[in-house]
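Working notes, structure below.
The values are calculated or read from the model by the stated rules, or taken from the named source; none is laboratory data. Here the structure is a predicted model, which means the values were calculated and not measured. Counting neighbours? That spans all protein chains shown, and the Cβs are built from the backbone with ideal geometry, glycine included.
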Amino acid sequence: MTPSAETAPILELKGIRKRFGAVVVADGIDLSVREGEALGILGPNGAGKTTLFGMVTGTVRPDAGRVLFEGRDVTALSPARRCRQGMARSFQVPQPFAGLTVFENLVAAASFGAGEGERATYDRCADILERCGLMAQANGRAGGLRLLDRKRLELARALATRPKLLLLDEVAGGLTEQECAVLVDLVREVRAGGVTVVWIEHVLHALVAVANRVVVLHGGRLIAEGRADEVVRIPAVAEVYMGIPMDA
Amino acid sequence: MSAIHVAHGTRASRIGLPLFLVLLAVLAAAPWWTDRQGMRLLGEIYAYAALASLWNLLAGYAGLVTVGQQAFVGLGAYALFSLSLLLGLNPLWGIPAAGLVAALAAVPVAALTFRLRGAYFAIGTWVVAEVFRLFAAQFTALGGGSGTSLPASVVASIASGRAAREQLLYWLALGLAVLVLLAILLLLRSRHGLALAAIRDNEVAARSCGIEVDRTRLVVFVLASACAAMVGALIFLQKLRISPDAAFSVNDWTALVIFIAVIGGIGRVEGPLIGTAIFFLLRETLSQLGSLYLMVLGAVAIAVMLFAPRGLWGVLADRLGWQVFPLARRLEARPPMLSTSSLREPS
């Protein structure tokens, strides 16, 4: 699905502010994501990207501002309710349900996140495991997975909730080129299925391959916006993100 | 037809479950093969198996490590004595009524203690239990701090004759333990069992997967409290006497219960049952050693925590794949259907 100017915004952030003591991580952020879009979020470490995801999904409460999902104000809703409305996220540091099997991780997410009866989720969960390359580990404890498989599980579990909006937090970090290519194909496939993707990523080539628009977050503000290949050439972005001085 | 199928049982559970049912049938027939003392001991074993299973449900599945289970054991006992002595309710009806009272009391207790996390929650539940004990000690209608006994007329209303009463209470104790176990199994077999395990493993991720963490925990806490209260009511109905120190004893109804769950294995339904068997084996063989017996219990607990932190059943289950109750969800490929050609006689 290709977004156009006519598609409605699925996610809108209006005047989002958040500070932890003296550190400002969101300083009046306004952002709109259209249905079917793939938005990349760039920014140096500590820019507030993961906190922004927390505020979108409800695990972090903003000091001010509103979060709208499909036009409805969800700022006061719990993370669980936002998930059931169609928001799913992966975590930067994988957070598996370690004592459950990989398959059970997906069944839990599908039956609560998508609100389906447990038995009704089995086929779909098996299908997601197959697509994410986790079928061989289906009956193994999630706590025993290696890093790549943990990252795959993050994505698979988010997909199990039947998301309309998928928030990916550095899922490509630590992967080899080959593994990264597999992941990019998978995210493209998800997007082609009509899911809106917002992706925080430091692995630029992965992000460029998927995102049709990129924003850059720095010091709690969005400092640049545009096509991925254009944005990284903006001098201010090169300075804050890659450490290249503007006069170089 | 779907190409996959989800199996709940394993080969071990297909053997273990029938053996467990045979054991239950043998125990149900205990009044015909053991004496009064034996029935009393078995009744005590059932009570501890139930309490340890409930503590395991809270700590091992819902991540609620409570040190205040005695609050609901004592509340159940006091509810039964109050309803029987003050309102004239038959003590047998007092058992479910005690469960109801505890379920109602568990809601404000949860509202208070769920604000706390980890060790603070554990201490908080203990404080609540102490408050309950102090309230009971002020309850002069039931003897205040020194407690009271059930009068002969109330005792007689349970059953005609001592032998009949002890048999009835024995079956009630077995039935209640089975009921508690069944309730736990049904809960864990449902999707709410997955939610509990998810909450235990990662609360933030569980919330992000659509699981209502606080509501799920509240439901389990209320259920466990109601069941603990019914067990407590039955324990003191067998004793026929109650006092605040006995009913709200942290040693008897929580410390020993934690010991049982730890040595058996937390986070597995079989763990507390095995732990109960080991505890009573140690108690019945070593209790004449006095304080040395308590030192042996401590040494066993330390050894298990150091060398088998998942408990004795945890070691067996991990190494041998043993499982009595079919709670797993194993994804398996469905065997291909026989084609008609494979059914033909060879030419």
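Values computed for the structure shown
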| read-out | value |
| --- | --- |
| Residue check for residue A:47: farther than 18 Å from residue A:14 by Cα and within 12 Å of chain B (Cβ to nearest Cβ) | no |
| Flag for residue B:215 being of a type in the set (Lys, Arg), within 12 Å of chain A (Cβ to nearest Cβ) and surrounded by fewer than 17 Cβ atoms within 10 Å (Cβ to Cβ) | yes |
| Unique match (being hydroxyl-bearing (Ser, Thr, Tyr), free of Cβ contacts under 8 Å to residues at least 60 places away in the same chain and surrounded by fewer than 21 Cβ atoms within 10 Å (Cβ to Cβ)) among B:208, B:190, B:149 | B:190 |
| Conditions (1) of a type in the set (Lys, Arg); (2) part of a helix (DSSP H, G or I); (3) over 26 Å from residue B:173 (Cβ atoms); number of the one not met by residue B:115 | (2) |
| Residues of region B:112-147 that turn out to be at pLDDT below 95, of a type in the set (Val, Ile, Thr) and either touching a Leu at 6+ places or on another chain (Cβ under 8 Å) or within 17 Å of residue B:76 (Cβ to Cβ) (or both), as a count | 0 |
| Hits in region B:254-293 (condition: more than 17 Å from residue B:304 (Cα to Cα) and in contact (Cβ under 8 Å) with a residue 40 or more places away in the chain) | B:254, B:269, B:284 |
| One residue from B:172, B:179 being in contact with a helix residue (DSSP H, G or I) (Cβ under 7 Å, 6 or more places away or on another chain), in a helix (DSSP H, G or I) and over 22 Å from residue A:117 (Cα atoms) | B:172 |
| Residue satisfying condition, being within 14 Å of chain A (Cβ to nearest Cβ) and either closer than 17 Å to residue A:103 by Cβ or buried (at least 24 other Cβ atoms within 10 Å of the Cβ) (or both), within set B:195, B:224 | B:195 |
| Cβ pairs under 7 Å, 6+ apart, first in region B:216-240 and of a type in the set (D, E, K, R), second part of a helix (DSSP H, G or I) | B:217/B:199 |
| Any helices (runs of 4 or more DSSP H) falling wholly within region A:143-248 and containing at least 3 residues that are free of Cβ contacts under 8 Å to residues at least 40 places away in the same chain and among the acidic types (Asp, Glu) | A:177-192 |
| Count of residues meeting criterion [modelled with pLDDT of 95 or more and among the polar types (S, T, N, Q)] in region B:220-244 | 2 |
| Those residues of region A:110-135 which are touching a strand residue (DSSP E or B) at 6+ places or on another chain (Cβ under 8 Å) and at the interface with another protein chain (Cβ under 7 Å from one of its Cβ atoms), in sequence order | A:113, A:122, A:123, A:126 |
| Residue among A:156, A:138 that is within 14 Å of chain B (Cβ to nearest Cβ) and buried (at least 23 other Cβ atoms within 10 Å of the Cβ) | A:156 |
| All positions within region A:61-74 that are free of Cβ contacts under 8 Å to residues at least 60 places away in the same chain and crowded, with 19+ Cβ neighbours inside 10 Å | A:62, A:67, A:74 |
| Residue identified as farther than 28 Å from residue B:86 by Cα and under 27 Å from the mean Cα position of the chain (by Cα) among B:159, B:183 | B:183 |
| Flag if residue A:50 is of a type in the set (Ser, Thr, Tyr) and in contact (Cβ under 8 Å) with a residue 24 or more places away in the chain | yes |
| Count of residues meeting criterion [aromatic (Phe, Trp, Tyr) and over 30 Å from residue B:159 (Cα atoms)] in region B:60-115 | 2 |
| Tally of residues being surrounded by 14 or more Cβ atoms within 10 Å (Cβ to Cβ), hydrophobic (A, V, I, L, M, F, W, C) and within 14 Å of another protein chain (Cβ to nearest Cβ) across region B:1-25 | 2 |
| From A:124, A:162, A:150, residue being on the phi > 0 side of the Ramachandran plot and crowded, with 17+ Cβ neighbours inside 10 Å | A:162 |
| Residues of region A:141-153 classified as charged (D, E, K, R) and within 11 Å of chain B (Cβ to nearest Cβ), total | 1 |
| Qualifying residue in region B:236-247 (condition: under 13 Å from the mean Cα position of the chain (by Cα), more than 14 Å from every other protein chain (Cβ to nearest Cβ) and not aromatic (Phe, Trp, Tyr)) | no |
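Every residue, every condition in (1) within 23 Å of residue A:97 (Cβ to Cβ); (2) polar (S, T, N, Q); (3) over 18 Å from the mean Cα position of the chain (by Cα), yes or no:
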{"residue": "A:146", "(1), (2), (3)": "yes, no, yes"}
{"residue": "A:162", "(1), (2), (3)": "yes, no, no"}
{"residue": "A:180", "(1), (2), (3)": "no, no, no"}
{"residue": "A:202", "(1), (2), (3)": "no, no, no"}
{"residue": "A:208", "(1), (2), (3)": "no, no, no"}
{"residue": "A:223", "(1), (2), (3)": "no, no, yes"}
{"residue": "A:226", "(1), (2), (3)": "no, no, yes"}
{"residue": "A:239", "(1), (2), (3)": "no, no, yes"}
